[in-house]
Amino acid sequence: MEGEKKSSAVSDVGAWAMNVVSSVGIIMANKQLMSSGGYAFSFATTLTGFHFAVTALVGLVSNAAGYSASKHVPMWELIWFSLVANTSIAGMNFSLMLNSVGFYQISKLSMIPVVCILEWILHNKNYSREVKIAVVVVVIGVGVCTVTDVQVNAKGFLCACVAVLSTSFQQITIGSLQKKYSIGSFELLSKTAPIQAVSLIVLGPFIDYVLNQKSVLDYKMTSGALMFILLSCLLAVFCNVSQYLCIGRFSAVSFQVLGHMKTVCVLILGWVLFDSALTLKNIMGMFIAVLGMVVYSWAVEIGKQANAKTMNMKTSLTEEEIRLLKEGAEKPKAKDVELGKSEG
């Protein structure tokens, strides 16, 4: 039993580490690919379509080779999920275009409380006081790290709301579908990736044209840009798989909290690799955020132990109730026999 727990803990850490490493890696690769100082491939939505196309191809090969089993999930659920996921991608891109970086970061931070509220509404899930405090500490820490200027406009605010709601709902839905159909994370991704790939590759160029007034067809491809596109797609496969793994193992809220470690890593790597400024404010924010994550992990562990104790108490109580019920069932029988004898 203890061996199983250790194995599960190692798997959890592995899934989370894969997500952090691949997410930070893809941000660094995309920075080089999309920045004006790099290859200036400023077509984020189309690039995401390429990501899902490669992911779908990997899933197809895996199924054909027998490494993963295909389970049935209704097509309407897959299409609905893909629509929500694509809305999240487009919403985030439009939010970044229309809002200041500060407001964009605040909208991303708001996903944690939004996920909490949605899980409470949809799944009647409650959170302990310790978890709530930890979430607030993480949000404050990441906010201190990342939020600078904050400017809001009506269109940008609407896009941010759509992005936050759709992203939060997408992350909750991943876990729900996995539990509902007893399907593994990679199998679910293999089913949704082709739908997302086709829709994003078709609609992506139009969305990107609206965002930056440039057509992907006019882009002059170079061997360097192609190499970074392939690297970005390869990292996206690991990023997508690990995201599904993490949400299946933890929860949408835990994924959001632990995911902010990526923000800290990106800030540090940006400072190391791209000479980005790292101020005292950034360092303080990172320290607060990491402290919040430690507190969150502790709070979740305390909650698990409390639930385990409650389950043990319930089990003991149930056994006691069964014993009493058995005794109660036997006593009337004895009385009935005695009454029968006395009547005779």
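When you scan segment 236-246, do you find a residue that is under 22 Å from the mean Cα position of the chain (by Cα), open to solvent by 40 Å² or more (accessible area, probe 1.4 Å), farther than 16 Å from F81 by Cβ and modelled with pLDDT of 80 or more, even just one? Yes, there is a match, as at least one residue in segment 236-246 is under 22 Å from the mean Cα position of the chain (by Cα), open to solvent by 40 Å² or more (accessible area, probe 1.4 Å), farther than 16 Å from F81 by Cβ and modelled with pLDDT of 80 or more. When you check F103 against the structure, is it modelled with pLDDT of 80 or more and of a type outside the set (S, T, N, Q), yes or no? Against the criterion (modelled with pLDDT of 80 or more and of a type outside the set (S, T, N, Q)), F103 does not qualify. Starting from residues that are of a type outside the set (S, T, N, Q) and under 16 Å from I183 (Cβ atoms), keep the ones in segment 57-75 and report whichever is most open to solvent (accessible area, probe 1.4 Å). Among them, the one singled out is Y67. On the basis of being open to solvent by 80 Å² or more (accessible area, probe 1.4 Å), over 17 Å from I26 (Cα atoms) and either modelled with pLDDT under 90 or not acidic (D, E) (or both), does S168 make the cut? No; evaluated as a whole, the condition is false for this residue. Among the residues of segment 179-216, the ones that are β-branched (V, I, T) and open to solvent by less than 50 Å² (accessible area, probe 1.4 Å) come to 5 in all. List pairs: first residue in segment 76-96 and in contact (Cβ under 8 Å) with a residue 12 or more places away in the chain and over 16 Å from A197 (Cβ atoms), second residue of a type in the set (S, T, Y) and open to solvent by 30 Å² or more (accessible area, probe 1.4 Å) anywhere in the structure, Cβ distance under 7 angstrom, at least six positions apart or on different chains. Within 7 Å, the pairs are S95/Y104. Consider S176 carefully, then state whether it is of a type in the set (S, T, Y), within 30 Å of S11 (Cβ to Cβ) and either open to solvent by 60 Å² or more (accessible area, probe 1.4 Å) or part of a helix (DSSP H, G or I) (or both). In short, yes. Within segment 39-61, residues that are in contact (Cβ under 8 Å) with a residue 40 or more places away in the chain have Cβ atoms under 8 Å from residues that are open to solvent by less than 20 Å² (accessible area, probe 1.4 Å) and in a loop (DSSP other than H, G, I, E, B) in these pairs: L47/F41; G59/S68, counting only partners at least 6 apart in sequence or on another chain. Within the option set V138, V114, V131, being farther than 23 Å from G204 by Cα, modelled with pLDDT of 75 or more and out of contact with any Pro (no Cβ under 7 Å at 6 or more places or on another chain) holds for one residue only, V114.
The values are calculated or read from the model by the stated rules, or taken from the named source; none is laboratory data. Values in this document were obtained by computation on a predicted structure and should not be read as measured data. All Cβ positions, even for glycine, are placed from backbone atoms using ideal geometry, and neighbour counts span all protein chains on display. For accessibility, only protein heavy atoms count, side chains too; no ligands or nucleic acids. Shrake-Rupley method; radii C 1.70, N 1.55, O 1.52, S 1.80 Å.
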